[in-house]
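Contents: one structure, followed by commentary.
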Amino acid sequence: MFEGLSGRLGDIFDRLRKRGALSEDDVNAALREVRIALLEADVALPAVKAFVSGVREKAVGQEVLRSVTPGQQVIKIVHDHLVELLGQTSESINLNAVPPVPVLMLGLQGSGKTTTSAKIALRLKTREKKKVLMASLDTRRPAAQEQLKVLGEQVGVATLPIVAGQTPVQIARRAMETGRLEGYDVVILDTAGRLAIDDELMQEVVEIRDAAKPVESLLVVDAMTGQDAVTVATNFNERVGITGIVMTRIDGDARGGAALSMRHVTGKPIKLLGVGEKADALEAFHPDRIAGRILGMGDVVSLVEKAAESIDREEAEKLAKKMEKGGFDLDDMLSQMRQIKKMGGMGGMLGMLPGVAKIKDQMKNANIDEGILKKQEAIILSMTKAERKKPELLNASRRRRIALGSGTTVADVNRLIKQFQDMSQMMKKMKKLGQKGLMRQGLSALLPKGMR
């Protein structure tokens, strides 16, 4: 989502880094470009003005202008102000209340509210070990209640039985009563949306709020709508009162302005980010990490967290033992591919590494195909168990059969086998040298020939 803004800011700061010393004019010229970049990214004008004036106040100070690395100092000031603009600290869903804790989901139609309700329910169930009940209060949209029921079955979370003819307020009261009687920790109330804000919608939501007395009122907004999302958030906050914001579709090509404007304009924190269509594609919002991504510093902490969540520990330990013995087959290779896919593919992983923004053009020219993992998975799945265990069985006729079965070419199959052979050689080398020997060889390879 922040790719365009990140690229523009990266170019501006690269020019600053190249200067040995900075004058006040240099800083002002850079900040004019930053202002334009933020406006082009659809950041609200009041937020841009506050941001630029705050940065200028510190960036033209004598300690910066005379600094040994003034360019880096300015970048640090911009980073700190970005964090401040985004909200300083990460805020999670507040469950500090007597169970069942009511969580009210608000938003316009099409923002992804119902899907987000299921994602939050799954997150609370798996991470917080909470017993969650979901209830659809949308009596207007056809099959809205059935949609939540289906989503509940998919994520393994209970939904309130549908009773025809009940009003949204009656459903809310029944959900809270069921939550109390059946020992639920959290009750998620998915309200109806409209194509646009109107008095009827607001009145309905206010009545539900007064009946359920929610601890959290989360507004779901679509990042793709840009500044309209900020307007929606402002209206809901003024007329209903919200405690936090969930932004959806941040994996799309939105310019990122809504996220940068939301906290400044509404005063309410962004708590969660929808990063994909899958039920577990929901991330906590960390202002410092987002600021790092925008400035091309990467987000290694989130990458490590994602790895910890995605990687199956038992499988990893089993593979480690195989590697120690020098054994590695195509089933192991398939397992590794699936772990990478779980972590968002190569693009998702590379996007979180520092400095990758600078080489994105080279990466595009290198034609890194995200679909290659799917293709390779299809090739391995087209093999017999014996072929996966003993790749040496793969003669020319077998490779032709595998290519036909996987919808690929013999060249694709050959490429995969070559990749597997390279990995196997590395595993054998690890066994032969041991960890210390491999480290010594790795260090030796980095030294000039005369120093080895």
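With a 1.4 Å probe and all protein chains kept in place, how much accessible area does Lys58 have, in Å² rounded to the nearest 10?
That residue has around 110 Å² of solvent-accessible surface.
Using the Kirkwood radius over C-alpha pairs as Rh, can you work out the diffusion coefficient of the range 139-187 via Stokes-Einstein at 10 °C, viscosity 1.306 mPa s, in µm² per second?
The estimated diffusion coefficient comes to 136 µm²/s.
How big is the range 68-214 by Rg and Dmax over its Cα atoms, in Å?
18.9, 72
Between Thr231 and Met426, how many nm apart are label points set 7 Å from Cα along the C-beta direction?
Each label point is offset 7 Å from its Cα along the Cβ direction, giving 5.2 nm.
If you add up the charges near Val55, with Lys and Arg at +1 and Asp and Glu at -1, over every other residue whose beta carbon is less than 14 angstrom from its beta carbon, what do you get?
Neighbourhood net charge equals 0.
In sequence order, what are the phi-derived ³J(HN,Hα) couplings for the range 97-102 according to the Karplus relation 6.51 cos²θ - 1.76 cosθ + 1.60 with θ = phi - 60°, rounded to whole Hz, with x for glycine and proline?
Once rounded to whole Hz, the list reads 7, 5, x, x, 7, x.
How would you order 135-148, 108-121 from highest to lowest mean count of nearby Cβ atoms within 10 Å?
The peptides rank, most packed first, as 108-121, 135-148.
I need the Kirkwood Rh of the range 80-133: take the reciprocal of the average 1/r across all distinct C-alpha pairs and report it in angstrom.
For the range 80-133, inverting the mean 1/r across all distinct Cα pairs yields 13.4 Å.
For Arg180 and Leu404, compute 0.36 nm times the residue count separating them, minus their Cα-Cα distance, and round to one decimal in nm.
74.9 nm
Counting only other residues whose beta carbon sits under 13 Å from that of Met202, what net charge do I get with K and R as +1, D and E as -1?
That sum, taken over residues with Cβ under 13 Å, equals -4.
Which of the pairs Lys131/Lys278; Lys125/Lys149; Lys213/Lys278; Lys119/Lys374; Lys113/Lys278 have their Cα atoms more than 23 Å apart in this structure?
Check vs 23 Å cut-off fails for Lys213/Lys278; Lys119/Lys374.
Let's test the formula: R0 of 22 Å, r as the Cβ-Cβ distance of Gln336 and Gln154. What FRET efficiency results, to the nearest 0.05?
So, using R0 = 22 Å, E works out to roughly 0.25.
If all Cα-Cα distances of the range 143-229 are sorted into 5 Å bins from 0 onward, what percent lands in each bin, rounded to whole numbers?
Spelled out per bin, shortest first, that is 2, 11, 20, 23, 22, 12, 6, 2, 0.
The values are calculated or read from the model by the stated rules, or taken from the named source; none is laboratory data. Nothing here was measured: the structure is a model prediction, and the numbers come from that model. Cβ coordinates were reconstructed from backbone atoms using ideal geometry, including for glycine residues, and neighbour counts include every protein chain displayed. Ligands, DNA and RNA are excluded from the accessible area calculation, which covers all protein heavy atoms including side chains. Shrake-Rupley method; radii C 1.70, N 1.55, O 1.52, S 1.80 Å.
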